[in-house]
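Have a look at the structure below before the remarks.
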């Protein structure tokens, strides 16, 4: 069933739209995921190690391809926030849990998420993700010793 | 010689502050480079394949380490812009020229640069860079055939 962007109340904060973004990934819900994005034609998405995608059609196709395999169990950690009147920049460490033939594994991704506030509330305009380093992956584990 | 942030006129556009950012890299000028950044304590910088850096001290140290080897001949290409009243999100393909023992080489980096407008004009608040894919590198070369 198609879900329109108007079906949910406008998000009142960047944190709220960010929560919807990761919930949509965890649920593999393409309509919910696309409702997070701004209608601006220059929205940008870079998945780890992948080419830059510009515009809703390319971004939708990339998430549809991912969700056709499985939902993405990515959870934001260590969020750093920077906000103006109508823009919020969040730097997050995504903790991604995947199940492989060797059992459950954790991977870490560093992402920059930029949200803009418009007439319909907050919306995502840019998502740039790249693999985290081994040090960040170690720091990101709850049971890891405090390295710095 | 230390150069204060007030030594240059406030940048009147995100394009102007972006031009200063890349000029500072090309000139290996650490004071000019740090003057581009906002004073916000949560400014973020991610160099390709490197850990997330938060705050001016960590960012300064990373660029000083790079400039101690050489200036960075990085030039922004294929810029996609998205702007609100006080925030600008630029997605750029950085063309980096390096000279190796095999002669001059080109590398490509995808970067998301976020600028915020404050009392002192536009300033950089986030720079997230990751290696471009082979396809983007090919597309980025002026003499390359049009692949799509």
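Since every read-out is calculated from the coordinates, none of them should be taken as a lab result. On a predicted model such as this, the values are computed, not experimentally measured, just so you know. Methodologically, a virtual Cβ is constructed for each residue, glycine included, from the backbone with ideal geometry; neighbour enumeration extends over all protein chains shown.
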Self-check item: chain B: most fluctuating residue of B:118, B:55, B:103 per GNM, C-alpha cutoff 10 Å
Solution: B:103
Quiz item: Can you list the equivalent-ellipsoid semi-axes of chain A, largest first and in whole Å, using the square root of 5 times each Cα gyration tensor eigenvalue?
Solution: 26, 19, 14
Exercise. Using a 10 angstrom cutoff on alpha carbons, build the Gaussian network for chain A and name the most mobile of A:83, A:105, A:27.
Key: A:105
Quiz prompt | Size of the range A:56-123 as Cα extents on the principal axes (Å, biggest first) | solution = 47, 30, 15
Exercise. Would you kindly work out, in nm and rounded to one decimal, the distances from the label point of residue A:86 to those of the same position in each other copy, ordered shortest first, with label points 7 Å along Cα-to-Cβ?
Key: 1.1
Self-check item: Normalised contact order of the range B:42-148, rounded percent, pairs of Cα under 8 Å and 6 or more residues apart
Solution: 24
Exercise. Place the label 7 angstrom along Cα→C-beta at residue B:69 and in each other copy, then list the distances from the first to the rest in nm, shortest first.
Key: 3.2
Quiz item: By count of other Cβ within 10 Å, fewest leading, how are B:128, A:95 ordered?
Solution: A:95, B:128
Quiz item: Among A:41, A:31, A:18, what is the fewest-to-most ranking by other Cβ atoms within 10 Å?
Solution: A:41, A:31, A:18
Quiz item: What fraction of the DSSP beta bridges in the protein assembly as shown is antiparallel, stated in percent and rounded to the nearest 5?
Solution: 90
Quiz item: How far apart are the residue A:31 label points across copies, placing each 7 Å from Cα toward Cβ, in nm, shortest first?
Solution: 5.9
Quiz item: Quick one: A:12, A:23, fewest Cβ neighbours within 10 Å first, how do they rank?
Solution: A:12, A:23
Quiz prompt | Two-decimal Rg/Rh across the protein assembly as shown, once Rg and the Kirkwood Rh are taken from alpha-carbon atoms | solution = 0.96
Quiz item: Name the residues of the range B:62-96 whose amide N is less than 19 Å from a point 7 angstrom out from the Cα of residue B:27 along the C-beta direction?
Solution: B:63-76
